[in-house]
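Please treat every number below as a calculation from the coordinates, not as lab data. Because the structure is a prediction, the values reported are computed rather than measured. Here Cβ is always computed from backbone atoms with ideal geometry, including for glycine, and neighbour counts include all displayed protein chains.
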Amino acid sequence: MADIGKDIERPLGQAIRLPRSGSGISAGAVAAALVVLSVVGVSSAIALRDKPFRKLQEVAVSTPKTPAADTVAAPAKATPEMAAPSNARGANISGPKTGGPQIIHVQTEEGDGPPNAAIVIRDPSTIGQNLRIAHIPDKALVEASETGPLPIRAADGRRPFDVYARPWSGARGARVALVIGGLAVSQTGTQAAIAKLPAEVTLAFAPQGNSIGRWMQVARQSGHEVIMQVPLEPFDYPNVNPGRNTLTVAATPDENLKNLRWALSRTTNYTGVMNYMGARFSADATAMGPLMAELGKRGLAYVDDGSSARSLAPELALKDGVPFVGGDTAIDAVQDRGAILKKLDGLEATARAKGFAVGIGSAFDLTVDTVSSWVTEAKKRGIEIVPVSAVAIDPEKG
C-alpha cells in the first residue's frame, strides 16, 4: 500500500520505473483492449456494409421511401423487342451508356403509390437506340401492310423518331448535321458511301432503289442514322420527274397517302422523311397538309432540304406535332471539290454563329470523299457532327 500511495503522489507525466524482473500485462488491460477492438470492428462492418456512393454517375430523386441501395434495380439490358429509349415524356428508356447521369428505376414499397413514383434523371446525350441492335426493327413500331412494314407509334407513345435516333453528346457547342441522299440507287455507290462516310453523317434512301432493307441494316450497323426520301411534285412536272409514285398536287389525298405509304414501307428503322424535289407540292397547303398529318400520326420527322423558299413545311409540321429540320444549303450543287469544301466551311461558320447548321448532299463519289475528309478536320476544330434528329425542332418536347 505504501508503494501505491507514493505512485499517487508522484507528479503527472513523470515515468514510473518498473522493476526489471518480468511482470506481465494485467488481465484488466487485456480485457479493455478487446472491448475497444470489438467496438471498432462492429463500426467498420456497419460502415462498409452499404456503399451508396460507389456509382457517382447514377442519380435518382424520389419522395417515397426506398429500399436499401443494394436493392435498386439496374437498367434492363436492351433486346430487339425492347429496342430503345422513349421520348422525353417519361416512358422507360434504354440505350447505350455514354457517360454522365444514367437512368435508375427506384422501386417503391407497396402502398407508397405507383411503382414508378420515383423521379428519374438521365443525361440527354444517351437518348437514342443501342447501336449494337440498331439494325433490328422494334416490333412495337411496325405496322404490317401489303407493300411492306410501315412505321407507327408504339402503344406506349414511343416514336420511330425517338427510338431510331443516333445518340450524340448533347453538348451546346457548334453542331453540323449532314444528310447524304440517293442511297440504294447505285449498289456500288451505296456500299462506298456507307463504308467511307463517318457514322455521324445521316443517310437518306431513295424509295426507288434496290435492296433498301439490306442497305438499311448495313448502314445502321455502321452507326448511321437513316431517313427516307419521298418524291414530291416539282414545277414543270412531268418534264421534271422525281420518279415512281410521286405525290402530286392534282392527285386526291387518298392517292397521295397511298404513294406516301408505299415509300414509307420500303424499309424500317428510320427517324423521318426528306423531300426529293417538291417545290410545287410543298407550297400547296391542300396537298401538303395530309402528308404532314400522316407523319405526325406515325411519329416521324420531316426534313426539308431547303431547296424551296415557298415550302409550307415548317408551319404544317408545328401544327401536326412533327419534328422539323430545315436544310441550310445544298453542299454539292456544283460537283467540284473546292466548291463543296466552300459550302462545308460555310456550314461551320453558320454553326458557330447560331449553334447548328444543316447541309444536304447526294451520294456522288466526289461528295462522299470530300465530306469524309472535311468531317475529320472539322472535328479537330471543335465542330461536332451530329445526326439530323439532334437538330430537329420537336413540338412534342417544346
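What list of ³J(HN,Hα) values in whole Hz, one per residue of the range 220-231 in order, does the Karplus curve 6.51 cos²θ - 1.76 cosθ + 1.60 (θ = phi - 60°) give from phi, with Gly and Pro shown as x?
The phi angles translate into 5, 5, 7, x, 6, 7, 10, 9, 9, 8, 10, x Hz.
Hey, any idea what the orientation-averaged projected area of the convex hull of the range 290-344's Cα atoms comes to, in nm²?
Averaged projected hull area, Cα only: 4.4 nm².
Using modelled amide H (1.01 Å from N, peptide plane; none on Pro or chain starts), what sits under 5 Å from the amide H of Asn275, excluding residues fewer than 5 places away?
Val230, Val303, Asp305
Quick one: dipole size for the range 286-350, taken about the Cα centre, charges +1 on Lys/Arg Cβ and -1 on Asp/Glu Cβ, in debye to the nearest 20.
Using only the charged Cβ atoms, the result is roughly 160 debye.
What is the mean projected area of the alpha carbon convex hull for the range 196-284, to one decimal in square nanometres?
Seen from a random direction, the Cα hull of the range 196-284 projects 6.2 nm² on average.
Suppose the Debye formula is applied to equal point scatterers at every Cα of the range 139-391; what is log10 I(q)/I(0) at q = 0.17 Å⁻¹?
-1.36
Can you work out D for the range 341-398 in µm² s⁻¹ from Stokes-Einstein, where Rh is the Kirkwood radius over C-alpha pairs, the temperature is 25 °C and the viscosity is 0.890 mPa s?
Approximately 195 µm²/s, per Stokes-Einstein.
Please state the Cα pair-distance histogram of the range 234-347 with 5 angstrom bins from zero: what percent is in each bin?
2, 11, 19, 23, 20, 12, 8, 4, 1, 0
Please go through the residue pairs Lys354/Lys397; Lys342/Lys380; Lys343/Lys397; Lys342/Lys379; Lys297/Lys354 and name each one whose alpha carbons sit more than 22 Å apart in this structure.
Lys343/Lys397; Lys297/Lys354
³J(HN,Hα) across the range 197-211 via Karplus (A = 6.51, B = -1.76, C = 1.60, θ = phi - 60°), whole Hz, x for Gly/Pro?
6, x, 4, 6, 6, 7, 10, 10, 9, 7, x, 7, x, 10, 6
In a shell of Cβ-Cβ distance under 12 Å around Tyr276, excluding Tyr276 itself, what net charge do Lys and Arg (+1) and Asp and Glu (-1) give?
Net local charge, Tyr276 excluded: -2.
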